[in-house]
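Only one structure is covered here, and it is reproduced in the block below.
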Amino acid sequence: MSRFMVAVFGLLAAFAVVASGWAAQDAPLQGKSTEQVQLTYSAWTRSCTREVDINGKQICFTLKTGRIDSGQVVVTAMLVEREGESRKTLRVLLPLGMQTVHGTRVIVDSGTPVQSPYVFCNADGCASDYDATPDLMDQLRRGKNLVVQAINSNGSPVTLPLPLADFSPAFSGNATDWSSLDDQRKKILTSLFRIKNEAGQTEANPTLTYAPWTKFCLKGQDANAKQVCFTGKDGRAESGQPLIAAVVIEPEGEAKKILRVTLPLGMQLAYGTHIIVDSNPPAVSPYVICFANGCMSDYDVTPALLASLRNGRSLTVQAIENTGRPLSRALPLTEFNQAYVGPPTDSKVFEAQQRKLQDELAQRANASRETAHNSPPATSLQATSRPSEHACLLRRCRARRLVHSAGASRS
């Protein structure tokens, strides 16, 4: 299989399953035990700015990072103070590739562990928030180590300590000037707290260009590896960015099949996803993991779901964006049954289909640029929303908490 095919189909098949080398680039802690993670640390520093808040209020951050040998930041802890609010938040940030369904856990020294869900993931990692109660603040001031725990992509627990010796002086001292922070810290802080500024700037219902439903069957490198077949499709924006993908995953010799849907980074993870085939009742599932290509949510392919996919017209995936805006995107099912029951797609045919798709996207992008060039400037912008379409999603998902204990492995 060519590198081009692997790159494209990885978006559908969620290559965490079939290409650990590619996944490891997005998940630097994948496959590492706690003993293998050697960190170097920044000092705790406190800085304040009005540049990252939607309303221009001051936010102060007391922050520390831990890096692995490559220089990549793999754990960040920041105490967040917002102007006019007495409540403080401890936010921890871990790399993409953690199992999101388990959330994170923090412990100060030998204190009682506290667990919290992931809130969202972006290109800089996945964030989890804790209420910085007076008791937790006292522990941070007096403690020796803040320990952050999570589960990585292969199911192994990861424990990342952050020394607290210099926390109290940094928190109580004068704030560092925002302009003196390095660009990476500014970028991370801005991406974590300027989310709502993007509301209304992204198109709510972009026109998508779809790849055809395509079937591949692959085997791993091990001698006893079983074949796994994938039947998938994606929908892309004019830029070529996949905005929705779905793939049915069938391991050889196993009765259980999985439907994996992938949405871009920037979703509210606590609400999970909903899928609806035509007018059938919706099904709901949590996000299981996020990589650079998006956040993935898995559904058991029951006989009833498989029948609806094979005979249906449209698969709709619903979620909630970081801005709070409901999202609903559909994948046509017209060609699904033919691809599902047929033989695997020939590699040359697949590459030809992808070239055709890229040509169509390029033509649409050129047409849009020409239209924009010839159109008069807009006098106002108004964000649109259609909440009635998503009432079921908002009502049901808010009542569902998607954080589960990792059990004894987290102990």
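Rounded to the nearest 20, the size of the Cβ-charge dipole of the stretch 73-125 about its Cα centre is 120 debye, with Lys and Arg at +1 and Asp and Glu at -1.
Between the stretch 113-188 and the stretch 55-107, what is the C-alpha centre distance in whole Å? When both Cα centres are located, 4 Å separates them. Averaging the sequence gap over all C-alpha pairs within less than 8 Å and six or more residues apart, then dividing by the number of residues, gives the stretch 288-349 a relative contact order of 24 percent. Are any of the pairs K144/K186; K186/K257; K187/K256; K88/K144 more than 32 Å apart by Cα-Cα distance, and if so, which? Flagged as over cut-off: K186/K257; K187/K256. Restriction of the GluC sites (Glu not before Pro) in the stretch 49-92 to DSSP coil positions whose beta-carbon has at most 16 other beta-carbons within 10 angstrom yields E51, E83, E85. A protection proxy built from the mean count of other Cβ atoms within 10 Å ranks the segments 265-271, 286-292, 142-148, most packed first, as 286-292, 265-271, 142-148.
Dipole size of the stretch 125-200 about its Cα centre, with +1 on Lys/Arg Cβ and -1 on Asp/Glu Cβ: approximately 80 debye, rounded to the nearest 20.
Using the empirical formula 2.2 N^0.38 Å as the baseline, the Cα radius of gyration of the stretch 295-346 reaches a ratio of 1.40.
Rule-based calculations on the coordinates, nothing more; no lab input. Just so you know, these numbers come straight off a predicted model, no measurement behind them. Here Cβ is always computed from backbone atoms with ideal geometry, including for glycine, and neighbour counts include all displayed protein chains.
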